[in-house]
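*Asks:* Below you will find the structure I want to go over with you.
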Protein chains: 2
Amino acid sequence: MAKRVSIIGSGNWGSAIARIVGYNTSLHNKTFEKEVKMWVYEEIVGGEKLSEVINTRHENIKYLPGKKLPENVVAVTSLVESCKDADYLIFVVPHQFVTGLCKELKGNIKSNAQGISMIKGLALNNSANNGIHLITDEIKSILNIKCSVLMGANLAHEVAEDQFCEATIGFNGDNAEEGIILKKLFHTDNFRVNIVKDANTVELCGALKNVVAVAAGISDGLGYGDNTKAAIIRLGLMEITKFVEKFFPPSNLSTFFQSCGIADLVTTCYGGRNRKLGMAFAKSDKSIQELEKELLNGQSAQGVPTAAEVAVMLKNCNAEKDFPLFIGVDKVCKKQIKPEELIEYLKNHPEHL
Amino acid sequence: MAKRVSIIGSGNWGSAIARIVGYNTSLHNKTFEKEVKMWVYEEIVGGEKLSEVINTRHENIKYLPGKKLPENVVAVTSLVESCKDADYLIFVVPHQFVTGLCKELKGNIKSNAQGISMIKGLALNNSANNGIHLITDEIKSILNIKCSVLMGANLAHEVAEDQFCEATIGFNGDNAEEGIILKKLFHTDNFRVNIVKDANTVELCGALKNVVAVAAGISDGLGYGDNTKAAIIRLGLMEITKFVEKFFPPSNLSTFFQSCGIADLVTTCYGGRNRKLGMAFAKSDKSIQELEKELLNGQSAQGVPTAAEVAVMLKNCNAEKDFPLFIGVDKVCKKQIKPEELIEYLKNHPEHL
């Protein structure tokens, strides 16, 4: 039976992926119901309701202006209405809203629905153990469903322009056929999707690369050149691989060669919010919070809180010495050490023994 | 017995590495003879002999101005004189000179000497089989010695400024102790060296990344953004791994995580000659040869001839379809296809099946 797809979120990335998903449900109309419901947090934009603009003019004029959405993508302002019949729930909202949205959905979705998270970050930590809590763990535990992830080097506006790029699905399901259906939902001529099994690795790459990008920004801010930045990217990748192996095994080394791994890491270390913040921080006396306000227009850079949570986890199991980059970034951001000392930390990296 | 070290070459990179090697032979004076002979191709600079300037003022005023060389680095203008007593021969000259220099050295070096090549590129192909010929193969076959390689994300002027960076030695020797000695020769507080066994992989990373950088430049020239470039870097890395596994096995996947692998690849794809040339080529009607003259000050971009040699090798064994990036770069450079078509090639990459 054809599967129903809903998209939870309609920001920049949500709207960009709605173009792809809407196109694919039309194309593969035996596999999917053509209509895709997209949950829209209602806003008034220029005197009009955003949901109505989307449903009449087929454009998200606030978050993805200038790009047409497929007509089969239908904006729905009630979260429960948008999701209650769905077989696939695509989560693409800022990470801080996940818990609340899942609680609202609990008991109101199909029992065999599956989630796909496109959220790069970690869940807010409500647990006593100070461990890292994946977004998909949060979704799974509240809704009692399977949840895969889609990550990669995917700046939303470039995806919306149909520029050639790649993404990785970390598939959390039972059989190969299910994986093929999931790939069908996202793969196009320009948006090339690979599917791998170790979903935890894919998800953690998406969260941990932000810590490395803060370090890359610090190096840039201190005036170091390409060699040092390349070393930081590489050492950061090695710490990501070790972290995943230590805390979320098993992990396949080849997954780090996917778009979710090196490709997303590199892009984030050369552009993006976390690098920008790290660079400004290295050159200024201001706090991270002040700089976020000044530079990021109210958005947050996930690398800083991620480094803090990672540091707690490493401290708890006495593994700080194996992760000098992660620990160093946390200490710099808390002003416990100077930015220059991060580079000294890296000179004694266990990778060089 | 303490080992004698000679450096064959005194250009930008040769002079930068002479600072490190000269420092280390002084520091580890039980392992090495302090004096390091550096072969200098004699030139007159500002009315003075370059070799005499180096030996009196300890500065290579032509190729590394402003940086002091250690006083134990001694310029020698006779190639044979500079090398005849050496236990370690460090090759750091443009690739087109290797064959001639080795022929001049043949019969004039110690029989148990070892080579270390720092040359990123391929040997000129004189063989009938149109196969890729490594620089170290050329050195080994003419001089009948072992030859290791040192590669990494190492822009010479940043190394000369003692900026923190990493490098990889691909060690081609018999025992671990020999490897430790080799590491001692290069490893410092700022220049961090890892040693791995599969020397062919290390060397091929150094040569093949230039082809990927041409592709990255083409993408930049066509106006594609970060997503596409990240995909090109990743697909290029996958083709490098497959190429090495196919033609120069065995190869260890972890070697590609070293500085010689991803780190050097990333740096080359964001900066450097090959990217610059690819970018200009995508935007212009001129030939590669014209653009090299205009842009590179007479220097050549190794990515173009490397792509040509790789393409011949792949054609000979009917493997073109598995390497669309390598093949596409060669065809673009020969104007057999338009730059835009390279991106179309990548959309049908076997990695996405």
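The values are calculated or read from the model by the stated rules, or taken from the named source; none is laboratory data. This structure is a prediction, so every number in the text was calculated from the model and none was measured. Every residue, glycine among them, receives a Cβ derived from its backbone with ideal geometry; neighbour counts consider all protein chains shown. To get the accessible areas, we keep the full protein, side chains included, count just its heavy atoms, and leave off ligands, DNA and RNA. Shrake-Rupley method; radii C 1.70, N 1.55, O 1.52, S 1.80 Å.
*Asks:* Search region B:77-119 for residues being in contact with a strand residue (DSSP E or B) (Cβ under 8 Å, 6 or more places away or on another chain) and of a type in the set (Phe, Trp, Tyr), and hand back the single one that is farthest from B:LEU150 (Cα to Cα).
*Replies:* By that ranking, first place goes to B:TYR88.
*Asks:* Report every pair of residues separated by at least 6 positions or lying on different chains whose Cβ atoms are under 6 Å apart, first residue within region B:76-87 and in contact (Cβ under 8 Å) with a residue 12 or more places away in the chain and open to solvent by 20 Å² or more (accessible area, probe 1.4 Å), second hydroxyl-bearing (Ser, Thr, Tyr) and part of a helix (DSSP H, G or I).
*Replies:* B:VAL76/B:SER82; B:THR77/B:SER51
*Asks:* Name the residues in region B:9-51 that are in a loop (DSSP other than H, G, I, E, B) and closer than 11 Å to B:ALA75 by Cα, would you?
*Replies:* To start, the set of residues in region B:9-51 that are in a loop (DSSP other than H, G, I, E, B) comprises B:9-11, B:28-31, B:40-43, B:46-47.
Of everything in region B:9-51, those that are in a loop (DSSP other than H, G, I, E, B) and closer than 11 Å to B:ALA75 by Cα turn out to be B:GLY9, B:SER10, B:VAL40, B:TYR41, B:GLU42.
*Asks:* Going through B:GLU59, B:GLU138, B:GLU104 one at a time, which residue ends up being within 28 Å of A:ASP226 (Cβ to Cβ), assigned by the TED database to the domain that holds B:PHE32 and among the charged types (D, E, K, R)?
*Replies:* On the way: B:GLU138 fails: within 28 Å of A:ASP226 (Cβ to Cβ); B:GLU104 fails: within 28 Å of A:ASP226 (Cβ to Cβ).
Only one candidate qualifies: B:GLU59.
*Asks:* Got at least one residue in region A:242-257 being within 13 Å of chain B (Cβ to nearest Cβ), closer than 18 Å to B:CYS269 by Cα and either modelled with pLDDT of 95 or more or open to solvent by 50 Å² or more (accessible area, probe 1.4 Å) (or both)?
*Replies:* Taking region A:242-257 and keeping what is within 13 Å of chain B (Cβ to nearest Cβ), we get A:242, A:245, A:252-257.
Next, from what is left, pick out any that are closer than 18 Å to B:CYS269 by Cα: A:257.
When the remaining residues are screened for being either modelled with pLDDT of 95 or more or open to solvent by 50 Å² or more (accessible area, probe 1.4 Å) (or both), the result is A:257.
Yes.
*Asks:* Quick one: in region A:308-323, of everything that is open to solvent by less than 40 Å² (accessible area, probe 1.4 Å) and in contact with a helix residue (DSSP H, G or I) (Cβ under 6 Å, 6 or more places away or on another chain), which residue is farthest from A:MET238 (Cα to Cα)? Walk me through how you get there before you give the answer.
*Replies:* Taking region A:308-323 as the starting set, the residues that turn out to be open to solvent by less than 40 Å² (accessible area, probe 1.4 Å) are A:308, A:310-311, A:313-314, A:319, A:323.
This time we only want the ones that are in contact with a helix residue (DSSP H, G or I) (Cβ under 6 Å, 6 or more places away or on another chain), so: A:308, A:310-311, A:314, A:323.
Details: A:ALA308: 19, A:VAL310: 15, A:ALA311: 16, A:LEU314: 15, A:PHE323: 9 Å.
Ranking the candidates gives A:ALA308 first.
*Asks:* Another question, if that's okay. Here is a list of conditions, (1) assigned to a helix (DSSP H, G or I); (2) within 14 Å of chain A (Cβ to nearest Cβ), and B:ASP189 meets all of them except one; can you say which number that is?
*Replies:* (1)
*Asks:* Shifting gears a bit: Exactly one condition in (1) among the hydroxyl-bearing types (Ser, Thr, Tyr); (2) crowded, with 23+ Cβ neighbours inside 10 Å; (3) assigned to a helix (DSSP H, G or I) is false for B:SER6; which is it?
*Replies:* For B:SER6, the failing item is (3).
*Asks:* Does region B:340-352 include one or more residues that are more than 24 Å from the chain's Cα centre (by Cα), in the same structural domain as B:ALA213 (by the TED database) and crowded, with 24+ Cβ neighbours inside 10 Å?
*Replies:* The answer is yes; a qualifying residue exists.
*Asks:* Follow-up question, since we're still on this one. Among the numbered criteria (1) within 14 Å of chain A (Cβ to nearest Cβ); (2) of a type outside the set (Phe, Trp, Tyr); (3) within 27 Å of B:GLU33 (Cβ to Cβ), which single criterion is violated by B:ASN175?
*Replies:* That leaves (1) as the condition not met.
*Asks:* How many residues are out of contact with any helix residue (DSSP H, G or I) (no Cβ under 8 Å at 6 or more places or on another chain), at pLDDT below 90 and surrounded by 16 or more Cβ atoms within 10 Å (Cβ to Cβ) if we restrict to region B:292-307?
*Replies:* 0
*Asks:* A:LYS229 - would you say it is within 14 Å of chain B (Cβ to nearest Cβ), in contact with a Ser or Thr (Cβ under 6 Å, 6 or more places away or on another chain), at pLDDT 95 or above and assigned to a helix (DSSP H, G or I)?
*Replies:* On the way: within 14 Å of chain B (Cβ to nearest Cβ): yes; in contact with a Ser or Thr (Cβ under 6 Å, 6 or more places away or on another chain): yes; at pLDDT 95 or above: yes; assigned to a helix (DSSP H, G or I): yes.
For A:LYS229, the condition - within 14 Å of chain B (Cβ to nearest Cβ), in contact with a Ser or Thr (Cβ under 6 Å, 6 or more places away or on another chain), at pLDDT 95 or above and assigned to a helix (DSSP H, G or I) - is met.
*Asks:* Taking the options B:GLU35, B:GLU52, name whichever one is at pLDDT 95 or above, open to solvent by 40 Å² or more (accessible area, probe 1.4 Å) and closer than 30 Å to B:GLU177 by Cβ. Don't jump to the end; show me each part of the working.
*Replies:* Working: B:GLU52 fails: closer than 30 Å to B:GLU177 by Cβ.
Of the residues listed, the single one that is at pLDDT 95 or above, open to solvent by 40 Å² or more (accessible area, probe 1.4 Å) and closer than 30 Å to B:GLU177 by Cβ is B:GLU35.
*Asks:* Determine the pairs where a residue that is over 18 Å from B:CYS147 (Cα atoms), located within region B:180-196, has a partner that is surrounded by 18 or more Cβ atoms within 10 Å (Cβ to Cβ) and acidic (Asp, Glu) with Cβ atoms under 9 Å apart, the partner being 6 or more residues away or on another chain.
*Replies:* Short answer, once both residue conditions are applied: B:PHE191/B:GLU166; B:ARG192/A:GLU351; B:ARG192/B:GLU166.
*Asks:* Separate question: Going by the structure shown, is B:ILE233 closer than 15 Å to B:LYS120 by Cα and surrounded by 24 or more Cβ atoms within 10 Å (Cβ to Cβ)? Walk me through it before giving the result.
*Replies:* Working: closer than 15 Å to B:LYS120 by Cα: no; surrounded by 24 or more Cβ atoms within 10 Å (Cβ to Cβ): yes.
No: the conditions fail for B:ILE233.
*Asks:* If you don't mind, another one. Among the listed residues A:GLU158, A:GLU239, identify the single one that is in contact with a strand residue (DSSP E or B) (Cβ under 8 Å, 6 or more places away or on another chain) and farther than 26 Å from A:THR31 by Cβ. Before the answer, list the steps.
*Replies:* On the way: A:GLU239 fails: in contact with a strand residue (DSSP E or B) (Cβ under 8 Å, 6 or more places away or on another chain).
A:GLU158 is the lone residue from the list that is in contact with a strand residue (DSSP E or B) (Cβ under 8 Å, 6 or more places away or on another chain) and farther than 26 Å from A:THR31 by Cβ.
*Asks:* While we're on this one: Quick check on region A:132-150. Is at least one of its residues assigned to a loop (DSSP other than H, G, I, E, B) and either within 14 Å of another protein chain (Cβ to nearest Cβ) or within 19 Å of the chain's Cα centre (by Cα) (or both)? Break it down stepwise before answering.
*Replies:* To start, the set of residues in region A:132-150 that are assigned to a loop (DSSP other than H, G, I, E, B) comprises A:132-133, A:144-145.
From what's left, either within 14 Å of another protein chain (Cβ to nearest Cβ) or within 19 Å of the chain's Cα centre (by Cα) (or both): A:132-133.
Within region A:132-150, one or more residues are assigned to a loop (DSSP other than H, G, I, E, B) and either within 14 Å of another protein chain (Cβ to nearest Cβ) or within 19 Å of the chain's Cα centre (by Cα) (or both).
*Asks:* Every residue in region A:210-226 that is assigned to a helix (DSSP H, G or I), more than 8 Å from every other protein chain (Cβ to nearest Cβ) and open to solvent by 30 Å² or more (accessible area, probe 1.4 Å), please. Talk me through it step by step, then tell me what you get.
*Replies:* Pass one, region A:210-226, residues assigned to a helix (DSSP H, G or I): A:210-222, A:226.
Filter once more, so that each one left must be more than 8 Å from every other protein chain (Cβ to nearest Cβ): A:210-222.
Within region A:210-226, A:ASP220, A:LEU222 qualify.
Here is a yes/no grid of residues against (1) open to solvent by 60 Å² or more (accessible area, probe 1.4 Å); (2) assigned to a strand (DSSP E or B):
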{"residue": "B:ALA153", "(1), (2)": "no, no"}
{"residue": "B:HIS157", "(1), (2)": "yes, no"}
{"residue": "B:ASP162", "(1), (2)": "yes, no"}
{"residue": "B:ALA167", "(1), (2)": "no, yes"}
{"residue": "B:ASN172", "(1), (2)": "no, no"}
{"residue": "B:GLU177", "(1), (2)": "yes, no"}
{"residue": "B:LYS183", "(1), (2)": "no, no"}
{"residue": "B:ASN194", "(1), (2)": "no, yes"}
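Conditions tested, residue by residue: (1) in a helix (DSSP H, G or I); (2) touching a residue at least 40 places away in the same chain (Cβ under 8 Å); (3) within 14 Å of chain B (Cβ to nearest Cβ).
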{"position": "A:LYS286", "(1), (2), (3)": "no, no, no"}
{"position": "A:LYS293", "(1), (2), (3)": "yes, no, no"}
{"position": "A:GLU309", "(1), (2), (3)": "yes, yes, no"}
{"position": "A:ILE327", "(1), (2), (3)": "yes, no, no"}
{"position": "A:LYS331", "(1), (2), (3)": "yes, no, no"}
{"position": "A:GLN336", "(1), (2), (3)": "no, no, no"}
{"position": "A:GLU340", "(1), (2), (3)": "yes, yes, yes"}
{"position": "A:GLU344", "(1), (2), (3)": "yes, no, yes"}
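Yes/no matrix, rows are residues, columns are (1) over 20 Å from B:PHE171 (Cβ atoms); (2) of a type in the set (Lys, Arg); (3) within 16 Å of the chain's Cα centre (by Cα):
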{"position": "B:ASP189", "(1), (2), (3)": "yes, no, no"}
{"position": "B:ALA199", "(1), (2), (3)": "no, no, yes"}
{"position": "B:SER219", "(1), (2), (3)": "yes, no, no"}
{"position": "B:SER251", "(1), (2), (3)": "no, no, no"}
{"position": "B:CYS260", "(1), (2), (3)": "no, no, yes"}
{"position": "B:ASP264", "(1), (2), (3)": "no, no, yes"}
{"position": "B:LYS276", "(1), (2), (3)": "yes, yes, no"}
{"position": "B:PHE281", "(1), (2), (3)": "yes, no, no"}
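*Asks:* Filter region A:21-32 down to the residues that are within 15 Å of A:PHE186 (Cα to Cα) and either free of Cβ contacts under 8 Å to residues at least 40 places away in the same chain or surrounded by 21 or more Cβ atoms within 10 Å (Cβ to Cβ) (or both) and list them by number.
*Replies:* A:VAL21, A:GLY22, A:ASN24, A:THR25, A:LEU27, A:ASN29, A:PHE32
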